[in-house]
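Q: Following this message is one structure expressed as structure tokens.
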Amino acid sequence: MAIEIERKFLIVDDSWRNQVEATIVMGQGYLNDAASVRQGVQNVSMRVRLEGGDARINIKSRELGASRQEFDYPVPLADGEALLKLCIGGRIEKHRHHVRHGGHLWEIDEFLGDNAGLVVAEIELASVDEAFARPAWLGREVTELLRYYNLNLASYPYVQWSAQERAASDA
């Protein structure tokens with residue numbers, strides 16, 4: 001078992017694009033829904049992800065915030081494709097861009113489909129209080145806001161957000 005320590009931020013402009021080292025096309029779905037996790041019926045989110053020619057099963061504990069348990073395993077591509085068809089809710093499609101800044105790897109998720117227009121930067125840290133350099137393109141932190149979790153975006157995508165919810169994203 002690993003502990004994932006990850007913080008999420010919005011992006012204020014496109015200046016990060018000229019620093020992209022790699023881009024990965026991803027599609028993912030969930031074997032459970034956000035409501036069951038929110039209500040405590042289930043204590044984990046269970047994701048199936050296809051990235052390039054690889055497939056993975058990922059299970060994360062339901063703690064809100066930067067630190068949670070994470071279990072991540074490769075599966076045969078055919079199994080991943082079959083499992084993706086069993087997922088409930090919407091499918092998350094995104095381009096994940098890798099950008100290095102201040103000695104850290106940032107993963108910038110540019111969402112597609114029903115979440116098009118949403119761009120979120122994530123950084124994985126060795127400890128919750130680890131210091132890191134903030135790039136100029138980094139906006140407000142949304143680590144504690146459930147609607148930015150991929151599990152929630154699968155059931156309540158960005159396209160359905162109210163003008164007020166979208167405006168709060170820009171604040």
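The values are calculated or read from the model by the stated rules, or taken from the named source; none is laboratory data. Predicted model only: the values in this text are computed from it and were never measured. Don't worry about glycine lacking a Cβ; one is built from the backbone with ideal geometry, like all the others, and counts go over all protein chains shown. Note: accessible area is taken over every heavy atom of the protein model, side chains too, but ligands, DNA and RNA are not part of it. Shrake-Rupley method; radii C 1.70, N 1.55, O 1.52, S 1.80 Å.
Q: Any chance the range 137-156 includes a residue that's of a type outside the set (Lys, Arg), more than 14 Å from residue 118 (Cβ to Cβ) and without any contact (Cβ under 8 Å) to a residue 40 or more places away in the chain?
A: Taking every residue of the range 137-156 in turn, none turns out to be of a type outside the set (Lys, Arg), more than 14 Å from residue 118 (Cβ to Cβ) and without any contact (Cβ under 8 Å) to a residue 40 or more places away in the chain.
Q: I would also like to ask the following. Let me spell it out: the conditions are (1) outside any helix (DSSP H, G or I); (2) buried (at least 17 other Cβ atoms within 10 Å of the Cβ), and residue 16 meets all of them except one. Which number is the exception?
A: (1)
Q: Okay, next question. Can you tell me which condition residue 10 does not meet? The list is (1) in contact with a helix residue (DSSP H, G or I) (Cβ under 7 Å, 6 or more places away or on another chain); (2) open to solvent by 50 Å² or more (accessible area, probe 1.4 Å), and all the others hold.
A: Failed condition: (2).
Q: Sticking with this one: Against the definition (at pLDDT 85 or above, open to solvent by 60 Å² or more (accessible area, probe 1.4 Å), within 25 Å of residue 112 (Cα to Cα) and polar (S, T, N, Q)), how does residue 28 come out, yes or no?
A: No, not satisfied.
Q: Moving to a separate point now. Kindly indicate whether any position in the range 43-57 is closer than 26 Å to residue 168 by Cβ, assigned to a loop (DSSP other than H, G, I, E, B) and open to solvent by 30 Å² or more (accessible area, probe 1.4 Å).
A: Within the range 43-57, the subset closer than 26 Å to residue 168 by Cβ is 45, 47.
Checking which are assigned to a loop (DSSP other than H, G, I, E, B) leaves us with none.
No - not one qualifying residue is present in the range 43-57.
Q: I would also like to ask the following. Tell me whether the range 125-145 contains one or more residues that are within 11 Å of the chain's Cα centre (by Cα) and modelled with pLDDT under 95.
A: Step one: of the range 125-145, the residues within 11 Å of the chain's Cα centre (by Cα) are 143.
Keeping just the survivors that are modelled with pLDDT under 95 gives 143.
Looking through the range 125-145, at least one residue is within 11 Å of the chain's Cα centre (by Cα) and modelled with pLDDT under 95.
Q: Oh, and also: Give just the number: which of (1) touching a residue at least 40 places away in the same chain (Cβ under 8 Å); (2) open to solvent by 40 Å² or more (accessible area, probe 1.4 Å) does residue 102 not satisfy?
A: (1)
Q: Something else about it: So which residues in the range 126-150 are among the aliphatic types (A, V, I, L, M), within 26 Å of residue 30 (Cβ to Cβ) and open to solvent by 20 Å² or more (accessible area, probe 1.4 Å), if there are any at all? Before you say what the answer is, go through the steps one by one.
A: First pass over the range 126-150, keeping only residues among the aliphatic types (A, V, I, L, M): 126, 128, 131, 133, 136, 138, 142, 145-146.
Right, trim to within 26 Å of residue 30 (Cβ to Cβ) and you get 128, 142, 145-146.
Of everything in the range 126-150, those that are among the aliphatic types (A, V, I, L, M), within 26 Å of residue 30 (Cβ to Cβ) and open to solvent by 20 Å² or more (accessible area, probe 1.4 Å) turn out to be 128, 145, 146.
Q: The conditions are (1) touching a strand residue (DSSP E or B) at 6+ places or on another chain (Cβ under 7 Å); (2) within 27 Å of residue 43 (Cβ to Cβ), and residue 130 fails exactly one of them. Which is it?
A: So residue 130 meets the others, but not (1).
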